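Colleague: Could you have a look at this structure, given as C-alpha cells, before my questions?
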Amino acid sequence: MNKEENKQSVYSVKDFNLWYGETHALKDISIEIPEKEVVAIIGPSGCGKSTFIKTLNRMVELVPSVKTKGSINYEGKDIKKTKVESLRTEVGMVFQKPNPFPKSIYDNIAYGPRIHGIKDKKTLDEVVEKSLKGAALWEEVKDRLNENAFGLSGGQQQRLCIARALAVEPEVILMDEPTSALDPLSTAKVEDLIHELKKNYSIIIVTHNMQQAARISDKTAFFLDGEIIEFDATEKMYSNPRDKRTDDYISGKFG
Amino acid sequence: MKNKVVVANEKQISKRITRNKLAKGLFLAATLFGMIVLATLIVRIVTQGIGYLDFGFLTSYASRRPEDAGIKAAILGTVWIMSITIPVSLILGVGTSIYLEEYAPKNKFTRFIELNLANLAGVPSVVFGLLGLTVFVRLLEMGRSILAGGLTMSLLILPVIVVASKEAIRSIPQEQYEAAYAMGATKWQIIRTVVLPAATPGILTGAILSLSRGVGETASLLMIGAMTFIAYTPTGVLDGFTVLPIQIFSWASRPQVEFQAVAAAGSIVLLIILIVMNSLAIVIRNKYSKRY
C-alpha cells in the first residue's frame, strides 16, 4: 500500500497473531508502518489496538499467558531476536495515565539515561534540558527541576512522561491513548506536541477519539475484533472509506 | 392522602433512635474496657517500679539483694540478640519477598509457599524455640549462645517481615513498572530504582514492628536456654545471655515482695523501648509513605 510514497517502513508486520490464553486477540495482522509519520490506530474497545501497540515494544510479554505467531520486523530486524532492553531503547512509550516516578522532575527525565549507564552530571543536565524542551515543558518547570513530579498538573505530568521517553533518544514513540485522562486544553497541548515531534520521530498512537486521529495523524489503521479492517492515508479514509464497517465506525453508527 | 408505602411512624422512629444510642453505648463500653485495664496496668507498674528506676538500675548487674539489682546484662543481651536478628531477618526477609513478588513464577507451588508464610507468622513462639534448640543449639553446636538466640529470633520474626515486605512491594502500582520497562530497564534495575525506594517505608515499618515483637519475646529464648542470672558483659556471639523480658520474668517469680517492684522497674524500661520503636515505625510510615 502507498507505494507512491518513498518512505521507508520502520515496522513491518507480517501475519501476526496473538493469543491471551485461549482468546485470539490479534488475527493475521500485516501492516507497514512508515518512518517519521503519525500513524493513528482506532477502533472500539477490546478490538486489540492497545495489544497491538504493546507488541511493538514487547511490553505485551509482561502478561504471562501471551502466545504469538508471525513476525514483526523493526528496521529490518525481527524484534524477537533483539534484546528487549535494546528494542525499548529505540522505541519509547507513553501511557494512558501519566505515570511519573515519585521522584524529582530532574530524576524522572534522567531515569532513562541513567539506567543506560550515563553518569556524567553535565551530560545528564543537557539531556534533561533538551528533553524537556522537546516536550514543550522546559519553560514551565525550569525553575523547579528538583521538585517532586507529582506536584505537576495532569497535563504537565503527561508531557513530562513524553520528555522522559525522549530522554532515551528513541526512534519511535508509541502512545497508548495519551490524552484520555486529560482535559481539553492539556489535550490540545499534547496534540501540538505530537505535531512537532513527528519531524524527528515515528509516532504510533492509539486513540479512542476519532476527531483526534483526524487532527493529528497522517495514516490511520482501523482495528475491529483483532483484525485490521482498513489502513490508509487519514484524509482518504475519513472522506472515502473503502470498507462499510470503517464507514459505520467513523460515522458513529457503533463503537 | 396519597397511598404511600413508607409513612413516618413516630413510635417506630423513636425505637430506632433508642437502638442507635444503645449500640453507641455498647461500643463505647468495649473501647473503655480495654483502655481502663491498660491504664490501670501502666499506673500500677509505674507506681510500683519507679522507686527502683534510677541510673544505678540501668548500670548494675543482677543481684540477690533487690536494692542492688540492675538490668544492665539484660539490656546488653537484648542489644546483642538484636544485632544478630536485625541483619539476618532483614536480609533474608526482604530477599524472600523480592523473589516471591518479582521473580517467582505465579504457580501453585509459589501460592503454597505464600500461604504457609502467612501460617508461619501465626505459629507460637515456643515452637520456634524448640526448632532453635534442636537445630542451632544441638545440631549446629552453637550452645546456649547469643548466636543461637539471635538466629532463633530471626526465624521467629522472618515470616512477619516477609509478609509486610510483600505487601509493601505489591502496593506499588503496575504503571510504575511499565514506565521503567518501557525505557529498557532490566528487572533488577527496576527493583533497585523503583521497587525498593517505594517499598522501603513499608518494609521498615513492618520490620520495626516485628522487631519490637522480638524485643518482648520470652518463650522461644527460654526454650533455647537463655540464662536468668548473669553478672558479666557478653564479649562475643558465643557467650551466654539474658534478655529484658526473661530478666523481668525471673524477678517476678521470686518470693520477695521487693523483687516484684524490681520486675516492675524492668517492665518500665521494656515498655519505653517498645514505645520508642513503635513511634519510630509510625513516624517512618507517615513521613515517607508515597501517594500515587
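Colleague: Mind checking which residues of region B:219-232 are farther than 15 Å from B:Trp80 by Cα and open to solvent by 20 Å² or more (accessible area, probe 1.4 Å)? Working first, answer last.
Modeller: As a first pass, look at region B:219-232 and keep what is farther than 15 Å from B:Trp80 by Cα: B:219-220, B:222-225, B:228-229, B:231.
Of everything in region B:219-232, those that are farther than 15 Å from B:Trp80 by Cα and open to solvent by 20 Å² or more (accessible area, probe 1.4 Å) turn out to be B:Ala219, B:Leu222, B:Met223, B:Thr228, B:Phe229, B:Ala231.
Colleague: May I ask you to list the residues in region B:146-191 that are closer than 28 Å to A:Asp176 by Cα, more than 9 Å from chain A (Cβ to nearest Cβ), part of a helix (DSSP H, G or I) and not hydrophobic (A, V, I, L, M, F, W, C)?
Modeller: Those that are closer than 28 Å to A:Asp176 by Cα, more than 9 Å from chain A (Cβ to nearest Cβ), part of a helix (DSSP H, G or I) and not hydrophobic (A, V, I, L, M, F, W, C): B:Arg170, B:Lys187.
Colleague: Okay, next question. Mind listing whichever residues of region A:114-126 are assigned to a helix (DSSP H, G or I) and within 9 Å of chain B (Cβ to nearest Cβ)? Write out each step before concluding.
Modeller: The initial filter retains those residues of region A:114-126 that are assigned to a helix (DSSP H, G or I), namely A:114-115, A:121-126.
Matches in region A:114-126: A:Arg114, A:Ile115.
Colleague: Considering B:Leu204, B:Leu151, B:Leu130, which residue is over 14 Å from the mean Cα position of the chain (by Cα) and open to solvent by 50 Å² or more (accessible area, probe 1.4 Å)?
Modeller: Among B:Leu204, B:Leu151, B:Leu130, only B:Leu130 is over 14 Å from the mean Cα position of the chain (by Cα) and open to solvent by 50 Å² or more (accessible area, probe 1.4 Å).
Colleague: If you don't mind, there's one more thing I want to ask. Condition (residue is farther than 19 Å from B:Leu38 by Cβ, open to solvent by 60 Å² or more (accessible area, probe 1.4 Å) and part of a helix (DSSP H, G or I)) applied to region B:263-280: is it met by at least one residue?
Modeller: Looking for residues that are farther than 19 Å from B:Leu38 by Cβ, open to solvent by 60 Å² or more (accessible area, probe 1.4 Å) and part of a helix (DSSP H, G or I), one finds at least one in region B:263-280, hence yes.
Colleague: Identify the residue in region B:1-49 that is among the hydrophobic types (A, V, I, L, M, F, W, C) and more than 47 Å from the chain's Cα centre (by Cα) and, among all such residues, is most open to solvent (accessible area, probe 1.4 Å).
Modeller: So in region B:1-49, the residues among the hydrophobic types (A, V, I, L, M, F, W, C) come out as B:1, B:5-8, B:13, B:17, B:22-23, B:26-30, B:32-33, B:35-39, B:41-43, B:45-46.
Remaining after also requiring more than 47 Å from the chain's Cα centre (by Cα): B:1, B:5-8, B:13.
Working: B:Met1: 223, B:Val5: 141, B:Val6: 121, B:Val7: 95, B:Ala8: 83, B:Ile13: 54 Å².
Across region B:1-49, the extreme among qualifying residues is B:Met1.
Colleague: If you check A:Ile194, A:Ile203, A:Ile228, which single one turns out to be under 29 Å from A:Lys69 (Cα atoms), open to solvent by less than 10 Å² (accessible area, probe 1.4 Å) and not in a loop (DSSP other than H, G, I, E, B)?
Modeller: Working: A:Ile194 fails: under 29 Å from A:Lys69 (Cα atoms); A:Ile228 fails: open to solvent by less than 10 Å² (accessible area, probe 1.4 Å).
Matching residue, one of A:Ile194, A:Ile203, A:Ile228: A:Ile203.
Colleague: Follow-up. Out of B:Ala263, B:Ala281, which single residue is out of contact with any Gly (no Cβ under 6 Å at 6 or more places or on another chain), hydrophobic (A, V, I, L, M, F, W, C) and over 19 Å from B:Thr228 (Cβ atoms)?
Modeller: On the way: B:Ala263 fails: over 19 Å from B:Thr228 (Cβ atoms).
The conditions single out B:Ala281.
Colleague: Let me ask something additional. If B:Lys287 meets every condition in (1) of a type in the set (D, E, K, R); (2) within 14 Å of chain A (Cβ to nearest Cβ); (3) open to solvent by less than 20 Å² (accessible area, probe 1.4 Å) apart from one, which number is that one?
Modeller: All conditions are met except number (3).
Colleague: Tally time: how many residues in region B:192-201 are open to solvent by less than 30 Å² (accessible area, probe 1.4 Å) and more than 10 Å from chain A (Cβ to nearest Cβ)?
Modeller: 3
Colleague: Assuming B:Glu175 fulfils every condition listed in (1) open to solvent by 10 Å² or more (accessible area, probe 1.4 Å); (2) touching a helix residue (DSSP H, G or I) at 6+ places or on another chain (Cβ under 7 Å); (3) at pLDDT 90 or above apart from one, which condition is it?
Modeller: Failed condition: (2).
The values are calculated or read from the model by the stated rules, or taken from the named source; none is laboratory data. The structure presented is a predicted model; accordingly, all values stated were derived computationally and were not measured. For neighbour counting, all protein chains shown are included, and Cβ atoms are generated from backbone atoms with ideal geometry for every residue, glycine included. Only protein heavy atoms, including side chains, enter the accessible area calculation; ligands, DNA and RNA are left aside. Shrake-Rupley method; radii C 1.70, N 1.55, O 1.52, S 1.80 Å.
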